[in-house]
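Worksheet: one structure, shown below.
The values are calculated or read from the model by the stated rules, or taken from the named source; none is laboratory data. Remember, it's a predicted structure, so these values are computed and weren't measured experimentally. A quick note on method: Cβ atoms are made from the backbone with ideal geometry, for glycine too, and the neighbour counts reach across all protein chains shown.
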Amino acid sequence: MPLDLGAKGSCHIGGNVATNAGGLRLLRYGSLRGTVLGLEVVLADGSVLDCLTSLRKDNTGYDLKQLFIGSEGTLGVITAVSILCPQKPKAVNLAFLGCQSFAKVLETFTTSRAMLGEILSACEFMDEKCMELVERHLKLSNPLTGSPFYVLIETSGSDSTHDADKLNNFLEQAMTSGLVADGTVATDAKKIKTLWSLRERITEALTHDGCVYKYDISLPVGKLYDLVMDMRARLGQSAKNVVGYGHLGDGNLHLNITAESYSHFLLDAIEPYVYEWTARHKGSISAEHGLGFKKKQYIHYSKPNEAIFLMQRFKAMLDPKGILNPYKTLPTSSESNMH
């Protein structure tokens, strides 16, 4: 299955496709838009649209399945999926590294892409605040200490010796050039799982820290951490923690802000500033989690009016009575006219 994400224990594939879920391996396998070959969808009038082809190439007319991937259930209900599954890798290696600055995190990523190439399957990062939270709230232990940033690099391939050699060459280069201050490598499944949990369970740790304001943003990778530092400076003492982590490989930042309890004053300090900042740097205000009903009125920060109007026309045509996941994803006409 070319999708792996933190919610894998409870999520459903129809929902994953409807939200175009990104996950931890997008760097290697691409997004669901590329791996979904066909769909069966129940439309608002009860008719069933059978586009369940399993062909890799089919240019007969419009690619209708793409309308429903990422539509968040507002245009139809996905009931079956035909998905392209890659060969399961025989060898998996994981390196967990400590870096002294975000500039070094970025250079480590660039070097990993150049030296690991086709076997690179994930590149994730987290800041030291994230690490503190998983240690404090979940009692997980950090194999490395004293780094402001941590990078998790995974390789997946078909030849363990070949992969291990490539990874070792990369690590040697990263260490000798001063990009990486400290590191540990895992090849057995148990240690790999332990290291991954430091990254995958950040969300869980944050819920123990108080009220969480969550933002899922994509930005040019060079700007990824600037937003976290900006928000820290902007919010000062009014926030308990401002943390950044996410998928370095595809420029997806999870910006999370915690406070002792919900505060309208704090929310007003965060929004719409966070969306304005993202739009100014040509990013997306919703990288992989969709707009839902909380972000629908902010869609104009990432999409032009012409695009929003066309989306509203699709919605009106396919769901004239507005019965499919109402009040989600698209602004009402009055909201979009405001901008």
Residue set 39, 27, 64, 55; condition aliphatic (A, V, I, L, M) and closer than 30 Å to residue 162 by Cβ; output residue 27
* To do: With the condition kept exactly as written, say whether any residue in the range 119-142 is charged (D, E, K, R), in a loop (DSSP other than H, G, I, E, B) and more than 18 Å from residue 27 (Cα to Cα).
  => yes
When (1) under 19 Å from the mean Cα position of the chain (by Cα); (2) at pLDDT below 95; (3) surrounded by 14 or more Cβ atoms within 10 Å (Cβ to Cβ) are applied to residue 257, the one that fails is (2)
Can you spot a residue in the range 38-53 that is at positive phi, touching a residue at least 12 places away in the same chain (Cβ under 8 Å) and among the charged types (D, E, K, R)? no
When every residue in the range 270-300 that is surrounded by 14 or more Cβ atoms within 10 Å (Cβ to Cβ) and among the aromatic types (Phe, Trp, Tyr) is compared, the one nearest to residue 329 (Cα to Cα) is 298
Q.
On the basis of being among the aromatic types (Phe, Trp, Tyr), assigned to a loop (DSSP other than H, G, I, E, B) and not assigned by TED's automatic domain parsing to the domain that holds residue 41, does residue 327 make the cut?
A. yes
In the set 80, 103, the lone residue that is surrounded by fewer than 20 Cβ atoms within 10 Å (Cβ to Cβ), in contact (Cβ under 8 Å) with a residue 24 or more places away in the chain and hydrophobic (A, V, I, L, M, F, W, C) is 80
task: With the condition kept exactly as written, say whether any residue in the range 45-66 is outside the structural domain of residue 246 (by TED's automatic domain parsing), under 15 Å from the mean Cα position of the chain (by Cα) and surrounded by 15 or more Cβ atoms within 10 Å (Cβ to Cβ).
output: no
The helices (runs of 4 or more DSSP H) lying entirely within the range 185-273 that contain at least 1 residues which are farther than 20 Å from residue 94 by Cβ are 202-207, 226-235, 264-270
For this session: Considering every residue within the range 196-204, establish whether at least one is surrounded by 16 or more Cβ atoms within 10 Å (Cβ to Cβ), within 15 Å of residue 144 (Cβ to Cβ) and in contact with a Pro (Cβ under 9 Å, 6 or more places away or on another chain).
Result: yes
Residue 36 fails exactly one of (1) within 29 Å of residue 120 (Cα to Cα); (2) surrounded by fewer than 22 Cβ atoms within 10 Å (Cβ to Cβ); (3) not assigned by TED's automatic domain parsing to the domain that holds residue 129, namely (2)
